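Visitor: Dropping a structure here in structure tokens format, bear with me for questions.
The values are calculated or read from the model by the stated rules, or taken from the named source; none is laboratory data. Given the structure is predicted, the values throughout are model-derived calculations rather than measurements. Virtual Cβ from ideal backbone geometry, glycine too; neighbours counted across all protein chains shown.
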Amino acid sequence: MKNTFLKLWGMPLLLAFLSLFGLIAALLGDGIWDVLGWLTLSVPLFLIIKHYLK
């Protein structure tokens with residue numbers, strides 16, 4: 001059961017966590033936190049573009 005749960009929800013949960021971290025980092029931090037925010041928020045966009053072009 002656990003393997004099926006992670007297989008189905010693993011990537012959406014990871015993308016949600018990255019998006020949440022990116023938003024919080026971009027809103028509350030400066031300097032390196034802005035860079036981390038941009039990087040983590042660009043991961044879902046990169047995956048969307050990758051799958052769209054596929």
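Visitor: Just checking, does the range 38-48 include any residue being exposed (fewer than 12 other Cβ atoms within 10 Å of the Cβ), part of a helix (DSSP H, G or I) and not hydrophobic (A, V, I, L, M, F, W, C)?
Guide: No, the range 38-48 contains no residue that is exposed (fewer than 12 other Cβ atoms within 10 Å of the Cβ), part of a helix (DSSP H, G or I) and not hydrophobic (A, V, I, L, M, F, W, C).
Visitor: Oh, and also: Do you know which of the residues in the range 19-34 that are over 18 Å from Leu45 (Cβ atoms) and among the small types (Gly, Ala, Ser) is modelled with the highest pLDDT?
Guide: By that ranking, first place goes to Gly31.
Visitor: Moving on. How many of the residues making up the range 26-37 are surrounded by 11 or more Cβ atoms within 10 Å (Cβ to Cβ) and either acidic (Asp, Glu) or in contact (Cβ under 8 Å) with a residue 60 or more places away in the chain (or both)?
Guide: 1
Visitor: Scan the range 8-25 and report the pairs whose first residue is in contact (Cβ under 8 Å) with a residue 40 or more places away in the chain and whose second residue is surrounded by 12 or more Cβ atoms within 10 Å (Cβ to Cβ) and among the charged types (D, E, K, R), with Cβ atoms within less than 7 Å and a gap of 6+ or a chain change.
Guide: Between residues of the range 8-25 that are in contact (Cβ under 8 Å) with a residue 40 or more places away in the chain and residues that are surrounded by 12 or more Cβ atoms within 10 Å (Cβ to Cβ) and among the charged types (D, E, K, R), there is no close pair.
Visitor: Further, regarding this structure: Return yes or no: is Leu45 hydrophobic (A, V, I, L, M, F, W, C) and out of contact with any helix residue (DSSP H, G or I) (no Cβ under 6 Å at 6 or more places or on another chain)?
Guide: Yes: the conditions hold for Leu45.
Visitor: Quick one: is Leu15 in a helix (DSSP H, G or I) and within 10 Å of the chain's Cα centre (by Cα)?
Guide: yes
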